[in-house]
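The values are calculated or read from the model by the stated rules, or taken from the named source; none is laboratory data. These numbers come from a predicted model, not from an experiment. With ideal geometry, Cβ positions are generated from the backbone for all residues, glycine too; neighbour counts draw on all protein chains shown.
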């Protein structure tokens with residue numbers, strides 16, 4: 001019975017974390033240089049080694065590398081939108097138009113993804129008026 005309780009708690013916690021994450025939209029567009037040794041993880045299964053590019057590993061490597069002198073990053077644009085639609089938008093001085101266009105596209109994509117996720121959650125909740 002404890003395993004079922006633990007599994008249910010983990011499910012509820014996972015959904016709560018996903019909702020919290022979806023509540024805010026943060027889009028940051030950076031430019032500069034990052035020198036990484038690797039973001040590839042090797043996994044051993046029996047006699048076979050598989051090399052995979054792991055996005056989580058990339059984030060960890062970026063965090064580690066960002067503190068080194070081999071990194072030179074500049075924030076081109078930053079946008080944060082709260083659930084009540086309060087927003088902060090920063091555009092760096094002299095930001096290139098192509099990067100601002102990319103930033104706007106990423107923001108639009110993030111908003112669409114959030115709307116789809118929240119719709120999926122709403123569809124999971126029984127509604128007697130449908």
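Annotations
- Among the numbered conditions (1) at pLDDT 80 or above; (2) in contact with a strand residue (DSSP E or B) (Cβ under 9 Å, 6 or more places away or on another chain), the only one that residue 52 does not meet is (1).
- Test: residue 46 is at pLDDT below 80 and at positive phi: yes
- Verdict on residue 83 being exposed (fewer than 13 other Cβ atoms within 10 Å of the Cβ), at pLDDT below 95 and in contact with a helix residue (DSSP H, G or I) (Cβ under 6 Å, 6 or more places away or on another chain): yes
- Search result, residues across segment 101-130 that are surrounded by 11 or more Cβ atoms within 10 Å (Cβ to Cβ) and either within 13 Å of residue 24 (Cα to Cα) or touching a residue at least 60 places away in the same chain (Cβ under 8 Å) (or both): 102, 103, 106, 107, 110, 111, 113, 114, 115, 117, 118, 121
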